[in-house]
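Novice: Got a structure for you, written out below as structure tokens; questions coming shortly.
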Amino acid sequence: MLDILLLKFPEFVKFAEMKLRNNFLSRGKHCSFVMSALAFTIVVLWAWGENSFITTSQSVQAWYRTSYSGFMVGSTYSSVIPDTVKENTEKTYSNSSTKEETVKDDAHSEVTLTYAASTINFNRSKSNENSKYLAQTSGAAFESTLYFYFLNFSACSYGNGEWVLDDSQPLYSGFGCKRWLSATWACRLTERTDFSYERYRWVPKDCELPAFERSEFLKRMQDKTIAFIGDSLGRQQFQSLMCMATGGEESPEIKDVGKEYGLVKAKGAIRPNGWAYRFPSTNTTILYYWSTSLNELLPLNMSDPATEVAMHLDRPLAFLRNFLHLFDVLVLNTGHHWNRAKVRENRWVMYKDGIRSELDNLKEIDTAKNYTVHSIVQWLDLQLSSHPRLKVFFRTMSPRHFHNGEWNNGGSCVNTTPLSRGSKVEQNRSSDPIVESIVRGTQVRMLDITALSDLRDEAHRSHYNIKGTSGGSDCLHWCLPGIPDTWNMILLAQI
């Protein structure tokens, strides 16, 4: 990692000069001081890297890999770090503040969500072995912090910024785009009367988010394929991009090419497993594949409709393995379906290394989710050397805003006033620390949308329904046009 820091140093200097130029009149003295400090830091890092004490330490990524080596094989109790380490730590990588929440997905099935605050907290011990481990871990953590610090100076953070009023929004009409936009998410078709949530634009701090222009987008994406794989929030992002790329117009010339990817509705199914559309003018393909877990699910007995389903935590789903070579941009997400209710409803049985593992509490299910995300990211990182044109993004968790209960007991999100909890995001870390930790050190990028979306609780579908229909409050999914349009603008700015 030290080598990466050194390579990033010129970009760091360039960024620092820009900031000084903008913020200081007497920039010569300040610049001299900052450059001297940076030079000193680099020397310290070099000396640190040469020191045998430090070079024996694990990288954060290596520690993360090691942390799952004893995961849930043949036991109902998971070990997130090796036993020898666990004995020397008072508190391990855990989900100590896991909170159970319940919503309803777009298929009207119960979904219990888990949000976890993951922490690593090592306390001092008198044992030499523990002291050595602490020193090594602290060194790796400090090196990772410096790495993150330098990267923040060499590239802007699209997750930090401010929501501003912009009368040029939205990018398409909520009355249109009927070919791709699900009616349940087209809030203009519901009984809602306040649509001020549509008129805000995200402005990142210290960098520019280019305005979206669909002809320019299609030109840039000529002969390319953009794939979204994930749950219903991933489907919303897919529908958003289709509406943006067409301007919400009918566009009969756009071809349905789902058959090329096996995306056809099975007999008795409500819908296919996904959709794929191609813009013939530029040969641009945009597709979505439904996967709530991102890993491989295999029935244990194909002849039994009620059979248990093997959920292979360390195997990417077959669709991803089979079609990865056709993608130029890939966006993944998961999270809201990793819960006790879904495990039971779908008869999922967890497998790792082909061996069955039992789960009996939410903490272990959440750990299983984290392990799957880690496995998928590591697999993709290895694949990218064979697919140099491919850019992969893992989107962070989309927030939910149920208050005073859940979807089935009076929970709601009745606020319609934009930005009632503030308009700015200013933080040094992602609000989804799991994804941030897992992608660090890999070629997979983080699409960080959690904090900026969390400010927009007024933009959910809420309790508004299409006239003549009924239903509870949906404080998980977003109105379209809406927040997922911003996710796509941030995505496109990075490709």
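The values are calculated or read from the model by the stated rules, or taken from the named source; none is laboratory data. Remember, it's a predicted structure, so these values are computed and weren't measured experimentally. Cβ coordinates were reconstructed from backbone atoms using ideal geometry, including for glycine residues, and neighbour counts include every protein chain displayed. All accessible areas refer to the heavy atoms of the entire protein, side chains included, with ligands and DNA or RNA removed. Shrake-Rupley method; radii C 1.70, N 1.55, O 1.52, S 1.80 Å.
Novice: Could you rank 352, 267, 424 by how accessible they are, 1.4 Å probe, largest area first? Show your work: numbers first, answer last.
Specialist: Details: 352 15, 267 210, 424 120 Å².
Largest to smallest exposure gives the sequence 267, 424, 352.
Novice: Then there's this: Counting pairs of alpha carbon atoms under 8 Å apart in space and at least six apart in sequence, what relative contact order in percent does the range 161-493 give?
Specialist: Values: 606 pairs, mean separation 73.0, N = 333.
Contact order relative to length: 22 percent.
Novice: Can you work out the Karplus-derived ³J(HN,Hα) for every residue in the range 199-214? Use 6.51 cos²θ - 1.76 cosθ + 1.60 with θ = phi - 60°, whole Hz, and x for glycine or proline.
Specialist: With coefficients 6.51, -1.76 and 1.60, one gets 9, 10, 10, 8, 10, x, 7, 6, 7, 9, 9, x, 5, 7, 9, 5 Hz.
Novice: Label-point separation (nm) for residue 281 and residue 214, each offset 7 Å from Cα along Cα-to-Cβ?
Specialist: Spacing of the two 7 Å Cα→Cβ label points: 0.9 nm.
Novice: Here's a follow-up. With just the Cα atoms defining each centre, how far is the range 390-450 from the range 277-347? Give it in Å.
Specialist: Taking the Cα centre of the range 277-347 as reference, the centre of the range 390-450 is 22 Å away.
Novice: Add +1 for every Lys or Arg and -1 for every Asp or Glu among the other residues with Cβ under 9 Å from the Cβ of residue 295, and state the total.
Specialist: Numbers: positive: 315; negative: 296, 314.
Within the 9 Å Cβ shell, the charges total -1.
Novice: Using the Cβ atoms and a cut-off under 15 Å, what net charge is assigned to the surroundings of residue 419, where Lys and Arg are +1 and Asp and Glu are -1?
Specialist: -3
Novice: May I ask you to list the GluC sites (Glu not before Pro) in the range 223-320 that are in a DSSP loop and have at most 16 other Cβ atoms within 10 Å of their Cβ?
Specialist: Taking the range 223-320 and a limit of 16 other Cβ atoms within 10 Å, the loop GluC sites (Glu not before Pro) found are 249, 250, 253, 308.
Novice: Continuing with the same structure: Kirkwood hydrodynamic radius, computed over distinct alpha-carbon pairs, for the range 161-493: how many Å, to one decimal? Mind dumping the intermediate values first?
Specialist: Working: mean 1/r = 0.0478 Å⁻¹.
Result for the range 161-493, one decimal place: 20.9 Å.
Novice: Arranged from highest to lowest average of other beta-carbon atoms within 10 Å per residue, in what order do the peptides 371-382, 274-285, 227-238 appear? Numbers along the way, then the final one.
Specialist: Working: 371-382: 20.5, 274-285: 18.5, 227-238: 25.5.
In descending order of packing, they fall as 227-238, 371-382, 274-285.
Novice: So, one more: How big is the Cα convex hull of the range 428-491 in projection, averaged over all directions, in nm²? Provide the component values of the computation, followed by the final result.
Specialist: Values: hull surface 22.9 nm².
Its Cα hull, projected and averaged over all orientations, spans 5.7 nm².
Novice: Based on the Kirkwood radius over alpha-carbon pairs, what is the Stokes-Einstein translational diffusion coefficient of the range 321-437 at 20 °C with 1.002 mPa s viscosity, in µm²/s? Write down the numbers at each step before the final one.
Specialist: Numbers: Rh = 17.7 Å.
Taking Rh from Cα pairs, D becomes 121 µm²/s.
Novice: Relative to a virtual label point 7 Å from the Cα of residue 381 in the Cα→beta-carbon direction, which members of the range 326-344 show backbone nitrogen distances below 19 Å?
Specialist: Hits in the range 326-344 for residue 381 at 19 Å: 330-334.
Novice: Just to confirm a number: summing +1 for Lys and Arg and -1 for Asp and Glu over residues other than residue 306 whose beta-carbon lies under 15 angstrom from that of residue 306, what do you get? Intermediate results must be reported in sequence, preceding the final value.
Specialist: Values: positive: 344, 347; negative: 304, 308, 345.
Result for the local shell: -1.
Novice: Counting only residues 5 or more places away or on other chains, whose amide H sits under 5 Å from the amide H of residue 445 once H atoms are built in the peptide plane?
Specialist: When sequence neighbours closer than 5 places are left aside, the close amide H contacts are 392, 393, 394.
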